[in-house]
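These notes are about the structure you will find just below.
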Amino acid sequence: MKKFLRVFAGISALCVLSCTPKPSGNGGPVYLDTHADIEARIDDALSRMTLEEKIKIIHAQSKFSSAGVPRLGIPELWTTDGPHGIRTEVLWDEWEQAGWTNDSIVAFPALTALAATWDRDLSALYGKSIGEEARYREKDVLLGPGVNIYRTPLNGRNFEYMGEDPYLSGQMVVPYVQQVQKNGVAVCVKHFALNNEETFRHTTDVDLDDRALYEIYLPAFKAAVQQGGAWSIMGSYNLYRGQHVCYNQRLIMDILKGEWGFDGAVISDWGGVHETDAAVKNGLDLEFGTWTDGLTMGATNGYDAYFLAKPYRDGILSGKYGTEELDEKCRRVLRLIFRTAMNPDKPFGAINSEAHYAAARKIGAEGIVLLKNDNQVLPVAPGVKRILVVGENAVKMMTVGGGSSSLKVQHEISPLDGIRARAGKDIEVVYARGYVGDTGGSYNGVSSGQDLSESRTPEQLIAEAVELAGQSDLVIFIGGLNKSNNQDCEGTDRRSLDLPYDQDAVIEALAAANPNLVVSLVSGNAVAMPWVDKVPAILQTWYLGSEAGNALADVVFGDVNPSGKLPFTFPKQLTDSPAHQPGMTFPNRHKVVYEEGIFVGYRWFDEKDIEPLFAFGHGLSYTQFSYGEAKLDKSSMNENGTVRLTVKVTNTGDREGAEVVQLYIADKESSLPRPEKELKDFQKVLLAPGQSKDVTFTIGADALKFYDPALPGWKAEKGEFEALVGSASDDIRTRAAFTLK
Ligand code: BGC
């Protein structure tokens, strides 16, 4: 019923606010939804709204909604987490779930997995699918996707982001944004910006040089805004140069709304607002989650105590604040409402559809990265009759936990179930626990319902696994991190790079017991692998959501040939990472200076000549690819021109497979230090055995530019450049030089 009321409210408001009906082919009115039309309606609405009504629409009225203007038929806005599925309904004023029985959904793979597909079309499929789920659940704003750059492997929230490279995350976020918004659901790109650690996220105060800001930390947000057309963005908890980012003069006013021309709404992260003055002046449009306890305790209406509620209204009435900023905030919030809640073209949406499960499984399988595969241990060979699966993560539900991205799913296929189902009758699958990690499994009242309690000692668990390993043809250890505190979890960071719960000992013991060992890691972060040389096959499988087990089985049994590539570097040890150099601290309660500057991720490993455990862009296949020579159509270009690079890629193995062909650019003469190479394009090509394809990249001046703080601005300097093409950042197969004239 609510759905129909909301549609009706939208239509009546459209009429009140004098939109322009045009005749449609079948006689009914069609409401124009052009930019100009929306702007006229905003003007009209604003001219009719009272001060009270204006104040009401710029702050929350419940945990996840903000008020509309009922008198004018303008509906309220409903937001939801994000970014991997649509969060369960919570109580009006509390985080606890509301106990609905119709809000179970599909969990899509975590954004790290999406990034690891290096496939723009799969990002579009993800956006379309999650957008439809949001629409069906009547949400107007999806709180995601997240594109904070992976600065350190200890950040508890890396699993919700798209890796260490600004170009890759920028390319992957745009289709997601566009497809979600086709559903009349706004994305809320988060967390803008520099939100790179969790422990002290409300007080961490980041400082960094402008090159790092513009070249590394902002490009994915800029792409989401300018190419994706994001309708809202979430201000992050942390501070930048002493001012909270939700209302940071430089980041919000000068860069986001100024330089980038963002016309959407800036929404605070939940509880990210701490004062009225700066929030009024520095571009915060919609305040959410401030730590009042809502309607249940204290004042008659806790939401009226929000910084953009009574204190703001009183300030306007006393003359402390003018109304210009208020009108600007309302304008942006109304624009968001017109684009979403009052969007006359929004579809109906769908949840738990076959298509959504298929999308989750496909994205999951394509995101899995085959890190190592000596002796072709994978895929499962025809002679294998008995598989031993070891490890808590083979059975543990991973869609519950981790913070605000926690979900209530209709189903979740565990790795063990996926492997068992695919193995069928001919292959026996045996399970051993191996280690005990986190036996809990609930978040805000959503419980996994699993009993993972275990009374045996670690020694007994290892002994059981080792004995069974000796009797099996193949052993698959499934471990990694999980979604509990100090693992991959919002609000906390990891304490070390090591695998927790002494999993290293289990892996070492299994490696000694059976040479056919696969280690399959569930995590959103890099982990140390002291056993790397003793284990022939390693898979990085992320958090894959509802279809996790099926997606894993697709790769393990070779139904899908792996093609995922790492979206971030795996260091051998923490001290190899740029954010963990002598003198640097982590986590940081107050000030943190990003001393590594632009040298983040592979840029750092290249610069310092440190060999990574597994490099950015690395990922193997069950087939092999050879690269021909890179050929340029000309040897020089001017600033408005382009050069075209073509390279022939051939599948030299005996299976169909996809290769992500990566283009990096190296600036050979530059007035400022530049990374040894930077990713500037990529293409994923599917090749049959023996097939070759010419892959062509068009290189324009944008790919050659760096941010020059002296200008300030982007510039490409004349001189020599090199185009490097390869299969990973540490596996460049061919290169060609050209000059910028
Ligand atoms: C998180 C956001 C989330 C919000 C609402 C905050 O704690 O940082 O990412 O969207 O809560 O749940």
Out of G85, G68, G73, report the one residue that is within 30 Å of G524 (Cβ to Cβ) and either touching a helix residue (DSSP H, G or I) at 6+ places or on another chain (Cβ under 8 Å) or at pLDDT 95 or above (or both). G85
Just to be sure, is F557 closer than 30 Å to Q243 by Cα, touching a residue at least 12 places away in the same chain (Cβ under 8 Å) and not small (G, A, S)? no
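Pick from the range 73-88 the residues that are more than 9 Å from the ligand (Cβ to nearest atom), part of a loop (DSSP other than H, G, I, E, B) and within 22 Å of the chain's Cα centre (by Cα): which of them is nearest to V147 (Cα to Cα)?
Of everything passing the filter in the range 73-88, H84 is nearest to V147 (Cα to Cα).
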Restricting the range 242-266 to residues that are assigned to a loop (DSSP other than H, G, I, E, B) and touching a Leu at 6+ places or on another chain (Cβ under 7 Å), the residue that is farthest from Y214 (Cα to Cα): G264
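Table: residues versus (1) charged (D, E, K, R); (2) within 16 Å of the ligand (Cβ to nearest atom).
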{"site": "D205", "(1), (2)": "yes, no"}
{"site": "D210", "(1), (2)": "yes, no"}
{"site": "S232", "(1), (2)": "no, yes"}
{"site": "N238", "(1), (2)": "no, yes"}
{"site": "L256", "(1), (2)": "no, no"}
{"site": "E259", "(1), (2)": "yes, no"}
{"site": "D277", "(1), (2)": "yes, no"}
{"site": "V280", "(1), (2)": "no, no"}
Restricted to the range 392-405 and to residues being surrounded by fewer than 24 Cβ atoms within 10 Å (Cβ to Cβ) and over 17 Å from L452 (Cβ atoms), the residue farthest from the ligand (Cβ to nearest atom) is G403
Filtering the range 122-145 for residues that are within 16 Å of the ligand (Cβ to nearest atom) and either surrounded by fewer than 24 Cβ atoms within 10 Å (Cβ to Cβ) or more than 19 Å from I363 (Cβ to Cβ) (or both) leaves a count of 5
Checking the structure you have, find out if any residue of the range 150-157 is farther than 21 Å from L213 by Cβ, within 15 Å of the ligand (Cβ to nearest atom) and part of a helix (DSSP H, G or I). no
Look at the range 357-388 and say how many of its residues are surrounded by fewer than 24 Cβ atoms within 10 Å (Cβ to Cβ) and outside any strand (DSSP E or B). 15
Step by step: first the residues of the range 108-121, then only those that are away from the ligand (no atom under 16 Å from the Cβ) and among the aliphatic types (A, V, I, L, M), then the one that is farthest from the chain's Cα centre (by Cα). Which residue is that? A116
I need a count of the residues in the range 473-515 that are farther than 20 Å from A463 by Cβ and either within 16 Å of the ligand (Cβ to nearest atom) or not hydrophobic (A, V, I, L, M, F, W, C) (or both). 19
So, first residue touching a residue at least 40 places away in the same chain (Cβ under 8 Å) in the range 417-432, second residue of a type in the set (S, T, N, Q), Cβ within less than 9 Å, six or more apart or across chains; the pairs are D417/N550; G418/N550; A421/N550; R422/N550; E428/S472; V430/Q471; V430/S472
Could you tell me which numbered condition K648 fails, if it satisfies all but one of (1) over 30 Å from N373 (Cβ atoms); (2) part of a strand (DSSP E or B); (3) not aliphatic (A, V, I, L, M)? (1)
So in the range 240-254, with the set limited to residues that are polar (S, T, N, Q) and surrounded by fewer than 21 Cβ atoms within 10 Å (Cβ to Cβ), which one is farthest from the ligand (Cβ to nearest atom)? Q249
Do we find a residue being buried (at least 22 other Cβ atoms within 10 Å of the Cβ) and charged (D, E, K, R) anywhere in the range 636-643? no
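Condition test on A421, is it aliphatic (A, V, I, L, M) and crowded, with 23+ Cβ neighbours inside 10 Å? Can you show your working first?
Details: aliphatic (A, V, I, L, M): yes; crowded, with 23+ Cβ neighbours inside 10 Å: no.
So A421 does not fit the description; no.
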In this structure, does L194 turn out to be away from the ligand (no atom under 16 Å from the Cβ), buried (at least 24 other Cβ atoms within 10 Å of the Cβ), hydrophobic (A, V, I, L, M, F, W, C) and closer than 28 Å to L704 by Cβ? no
Tally of residues being in a helix (DSSP H, G or I), away from the ligand (no atom under 16 Å from the Cβ) and of a type outside the set (A, V, I, L, M) across the range 158-180: 8
Verdict on I57 being touching a strand residue (DSSP E or B) at 6+ places or on another chain (Cβ under 6 Å) and modelled with pLDDT of 95 or more: no
Conditions: (1) within 16 Å of the ligand (Cβ to nearest atom); (2) under 30 Å from S123 (Cα atoms). N102 meets all but one. Number of the miss? (1)
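Quick check on G480: is it at pLDDT 95 or above and under 29 Å from Q410 (Cβ atoms)?
In short, yes.
The values are calculated or read from the model by the stated rules, or taken from the named source; none is laboratory data. What you see is a predicted model; the values in this text were computed from it and never measured. As a convention, Cβ positions derive from the backbone with ideal geometry for all residues, glycine included, and neighbour counts pool all protein chains shown.
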